[in-house]
1. Return the sequence-ordered ³J(HN,Hα) values of the range 32-40 in whole Hz as given by the Karplus equation 6.51 cos²θ - 1.76 cosθ + 1.60 applied to θ = phi - 60°, using x for Gly and Pro.
2. Distance check, please: which entries in Lys49/Lys179; Lys28/Lys84; Lys25/Lys51 exceed 21 angstrom between their Cα atoms?
3. Check Glu42: other-chain or 5+ apart residues with amide H under 5 Å from its amide H, H built from backbone geometry?
4. Amide H to amide H under 5 Å from Val118: which residues, 5+ apart in sequence or cross-chain, H placed 1.01 Å off N in plane?
5. Could you line up Trp55, Trp31 from fewest to most neighbouring Cβ atoms inside 10 Å?
6. Calculated FRET efficiency, Asn97 and Asp117, Cβ-Cβ r, R0 35 Å, to nearest 0.05?
7. Going by how many other beta carbons lie within 10 Å of each one, how would you line up Asp116, Asp82, Asp98, fewest first?
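Just so it is clear, none of the values below were taken in a lab; they were calculated from the coordinates. Not measured: the values here are computed from a predicted model. So basically every Cβ, Gly included, is an ideal-geometry build from the backbone, and we count neighbours across all protein chains shown.
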Amino acid sequence: MSASLAAHAAMDDNSQTHWYLVRTKTGKERWVRDQLAHVVPEVFLPMLKAKAPRWGRMAVSIGALFPCYVFARFDLQSQYFDVKYMAGVRAIVSAGNDPLAVPAAIVSEIRRRGVDDVIEIPDKPFGTGERVVVVDGPFRGFEAIFQRYLAGAERVAILLSAVESGGLRVVLSASAVVKDS
């Protein structure tokens, strides 16, 4: 076994290693992840795959889930300066002068939610023109036609079918409507 692999194996067994959040320079998350991988036992850069408007069309993009941050597991006593003063690193997230350890359960939960460290945002559940039913609020029980999302996926615009003149536009919380079955 090479010396660096032996050192990493020894560190993996060392209970002194903890997860820390490393703040990077803007846009340097991947570069810092790759550099840290040569120095510390484990590095985690959770990525987000989502559709975003680009040049008037929806395109799939993959970027850092937490821009400017990388998780790194290392021994603070022996590797603090290697990490803190690495090119591309701004700081180790701290309370005052004391770096804050991130609970391993948080890192595990983020990893659990993704595939190959990529978390995907599912498509919005309603499509334009789709029939929906209002399940909450003053219009409960009304059938409607979904028009569009407003302010992300939190609010929606619908056309109430009960109005004879082609529909009354109503803005509701997205949680107040469900697909008509």
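1. For the range 32-40, the Karplus curve yields 5, 4, 5, 5, 5, 4, 8, 10, 10 Hz.
2. Check vs 21 Å cut-off fails for Lys49/Lys179; Lys25/Lys51.
3. Arg73
4. Excluding prolines and chain starts, which carry no amide H, the hits are Met47.
5. Lowest count first: Trp55, Trp31.
6. Once the sixth-power term is evaluated, E becomes 0.70.
7. Ranking Asp116, Asp82, Asp98 by Cβ neighbours within 10 Å, fewest first, gives Asp116, Asp98, Asp82.
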